[in-house]
Amino acid sequence: MEAFHSYLLGPILSFALLKLGTEPLHATAFVVEGAAVGLMGECGHGKSSLGAAFVQNGHPLLTDDLLVLSEDAHGVVAHPGPPRIKLLPGIGRKL
């Protein structure tokens with residue numbers, strides 16, 4: 001199931017969202033004091049690792065790799081994504 005979430009579900013969700021007219025951002029997001037904090041950047045630059053460090057310190061994960069934003073009457077809303085975070089094995093062991 002972990003491999004399914006990591007390697008298949010993310011690309012499928014991304015493609016499906018694009019087909020529906022919603023462009024997801026390649027970002028990791030977590031919640032701090034009720035607000036979403038998103039980290040964007042190239043692959044391999046530490047978004048997931050930094051996000052995992054925040055999770056380890058009690059901040060809930062919102063999404064990893066696939067951030068969808070929308071607007072409502074109160075501003076911008078960050079939507080939760082798949083409930084997993086992808087880390088390289090060495091980073092995962094350290095955290």
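The values are calculated or read from the model by the stated rules, or taken from the named source; none is laboratory data. In this text the structure is predicted, and so the values were computed from the model without any measurement. A quick note on method: Cβ atoms are made from the backbone with ideal geometry, for glycine too, and the neighbour counts reach across all protein chains shown. Ligands, DNA and RNA are stripped out before the accessible areas are found, and what is left, the full protein with its side chains, is counted by its heavy atoms. Shrake-Rupley method; radii C 1.70, N 1.55, O 1.52, S 1.80 Å.
In the context of the full protein assembly, residue 32 retains an accessible surface of approximately 40 Å², using a probe radius of 1.4 Å and ignoring ligands and nucleic acids.
3J(HN,Hα) couplings calculated from phi for the range 78-95 with the Karplus curve 6.51 cos²θ - 1.76 cosθ + 1.60 (θ = phi - 60°) are, in sequence order, 9, 9, x, x, x, x, 7, 10, 8, 10, 5, x, x, 5, x, 5, 5, 7 Hz; Gly and Pro show x.
Within straight-line reach of residue 86, meaning a Cα separation under 23 Å, sit the following lysines at least 8 residues removed in sequence or on another chain: 47, 94.
Pair-distance distribution of the chain: all C-alpha pairs, bin width 5 Å, starting at 0; shares per bin in whole percent are 3, 13, 23, 26, 20, 11, 4, 1, 0.
With Cα atoms defining each centre, the range 55-84 and the range 7-30 are spaced 13 Å apart in the structure.
For the residues 54, 30, a 1.4 Å probe over the protein chains yields an accessible-area ranking, largest first, of 54, 30. Amide hydrogen proximity for residue 62: with H placed 1.01 Å from N in the peptide plane, the residues at 5 or more positions away or on another chain lying under 5 Å are 29, 30, 31.
Entry comment: accessible area of the chain is 67 Å² per residue, from protein heavy atoms only and a probe of 1.4 Å. The residue list 88, 44, 8 was ranked by how far each Cα lies along the charge dipole of the chain toward its positive end, using unit charges on Cβ atoms, and 88 comes out on top.
State, as an integer percentage, the relative contact order of the chain based on alpha-carbon contacts under 8 Å between residues 6 or more apart.
On the way: 135 pairs, mean separation 25.4, N = 95.
So the answer I get is 27 percent.
Where the accessible area of the chain is counted over protein heavy atoms with a 1.4 Å probe, how much of it, in %, is carbon and sulfur? For the chain, the apolar C and S fraction of the accessible surface comes to 62 percent. Spin-label model, residue 8 to residue 35: label points 7 Å out along the Cα-to-beta-carbon direction sit 4.0 nm apart.
Order 66, 25, most accessible first, counting only protein heavy atoms with a 1.4 angstrom probe.
25, 66
The listed residues 72, 65, once ranked by accessible area (1.4 Å probe) with the largest placed first, stand as 72, 65.
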